[in-house]
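Colleague: Supplied in structure tokens, the structure appears directly below.
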Amino acid sequence: IYISSSMVYGNWTKTIMSEEDNPSPTNMYGTLKLLSEQIVKQYHNNYTIVRPSAVYGYGDDKRRVTQLFLNKIKNDESIVLQGADNLFDFTHVDDVAHGLQLICNSDPKNQTYNITKGIARSLRYFTDLLYEKLNKNPDYTVEPIPENYPIRGALDISKAQEELKYDPKFDLSKGLDDTISKYQ
């Protein structure tokens with residue numbers, strides 16, 4: 001099992017991207033993930049590639065958006081939203097773990113799966129929800145999206161739902177409640 005990234009898709013060419021859509025990364029991270037997928041395919045005869053998106057939850061690196069924003073909001077520090085209206089398919093870490101468990105139990109051969117929530121939310125929506133859940137007044141400025149950062153959206157999870165019986169449990173509100181409660 002290779003954990004790749006939704007960043008391999010680059011700029012979304014439609015509202016929801018599926019595993020059948022051609023990857024076209026726009027930055028180094030997405031390019032390296034796609035190259036790694038190609039290496040896996042080249043050198044393994046039984047692989048599964050997983051493409052998660054905007055993973056968050058307890059244990060997240062403090063430099064990633066959820067933990068970074070949580071800490072800033074708790075400390076009454078201002079936040080800069082780069083690309084506030086860019087969409088993300090925020091996916092709780094427990095849903096990703098569940099998807100991986102389903103893959104291990106079913107042992108698909110030479111497949112790629114989008115393992116996400118399958119719903120796009122803007123960075124602004126996500127941030128406003130964090131402020132609301134922490135009972136704080138929003139304190140952020142908005143800047144344009146970085147030039148090499150892709151325009152994103154949701155991933156089509158129907159293949160994982162049909163073949164693996166994948167059923168993500170955490171909507172963004174419930175997932176943030178879980179995350180916040182574990183950091184208290």
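Computed from the coordinates by the stated procedures, all read-outs in this text should not be read as laboratory data. As the structure is a computational prediction, the values presented were derived from the model and not from experiment. Using ideal geometry, Cβ is built from the backbone for each residue, glycine included, and neighbour counts are taken over all protein chains shown.
Colleague: I want the antiparallel fraction of DSSP beta bridges within segment 31-134, as a percent rounded to 5.
Modeller: 25 percent
Colleague: Given H placed 1.01 Å from N in the peptide plane, which residues other than close sequence neighbours of Ile151 have an amide H under 5 Å from its amide H?
Modeller: Asn11, Trp12
Colleague: Take each of the peptides 21-31, 48-58, average the number of other beta-carbon atoms within 10 Å over its residues, and list them starting from the highest.
Modeller: Result, highest mean Cβ count within 10 Å first: 48-58, 21-31.
Colleague: Something else now. Taking amide H positions as placed 1.01 Å from N in the peptide plane, with prolines and chain starts having none, which residues 5 or more places from Thr112, or on another chain, fall under 5 Å of its amide H?
Modeller: Counting only residues 5 or more places away or on other chains, the set is Ile49.
Colleague: Subtracting the Cα-Cα distance from 0.36 nm times the residue separation, let me have the gained length for Tyr131 to Thr31 in nm, one decimal. The partial results should precede the final answer.
Modeller: Working: separation 100, 0.36 × 100 = 36.00 nm, distance 3.35 nm.
Length difference between fully extended and current span is 32.7 nm.
Colleague: Another question, then. Which of Lys14, Lys159, Lys33 ends up with the largest GNM mean-square fluctuation for the chain, with Cα atoms connected below 10 Å?
Modeller: Lys14
Colleague: What percent does the relative contact order of the chain come to when contacts are Cα pairs within less than 8 Å and at least six residues apart?
Modeller: Value for the chain: 30 percent.
Colleague: While we're here: ³J(HN,Hα) across segment 82-98 via Karplus (A = 6.51, B = -1.76, C = 1.60, θ = phi - 60°), whole Hz, x for Gly/Pro?
Modeller: 8, x, 4, 9, 5, 9, 9, 9, 4, 10, 5, 4, 5, 5, 5, 4, 5
Colleague: Also: Determine the alpha carbon to alpha carbon distance for each of Lys33/Lys169; Lys33/Lys74; Lys14/Lys165 and list only those over 31 Å.
Modeller: Table pairs above 31 Å Cα-Cα are Lys33/Lys74.
Colleague: Also: Two decimals is fine: what's Rg over Rh for the chain, C-alpha atoms, Kirkwood radius as Rh?
Modeller: 0.98
Colleague: Place a +1 charge on the Cβ of each Lys and Arg in the chain and a -1 charge on the Cβ of each Asp and Glu, then give the dipole magnitude about the Cα centre in debye, rounded to the nearest 20.
Modeller: 260 debye
Colleague: Calculate how many DSSP beta bridges within the chain are antiparallel, expressed in % of all such bridges and rounded to the nearest 5.
Modeller: In the chain, approximately 10 percent of DSSP beta bridges are antiparallel ones.
Colleague: Picking from Ser18, Ser78, Ser158, which is most flexible by a Gaussian network model of the chain using Cα springs under 10 Å?
Modeller: Among Ser18, Ser78, Ser158, the largest GNM mean-square fluctuation belongs to Ser78.
Colleague: Given H placed 1.01 Å from N in the peptide plane, which residues other than close sequence neighbours of Ser122 have an amide H under 5 Å from its amide H?
Modeller: Those lying under 5 Å, H to H, from Ser122 are Phe88.
Colleague: So what J values fall out for segment 24-36 if you push phi through Karplus, 6.51 cos²θ - 1.76 cosθ + 1.60 with θ = phi - 60°, rounded to Hz, Gly and Pro as x?
Modeller: 7, x, 10, 9, 4, 4, x, 5, 5, 5, 5, 4, 5
Colleague: What are the ³J(HN,Hα) couplings of segment 172-184, residue after residue, when phi is run through the Karplus curve with 6.51, -1.76, 1.60 and θ = phi - 60°? Round to Hz, x for glycine and proline.
Modeller: 4, 4, 5, x, 5, 4, 4, 5, 4, 5, 7, 9, 6
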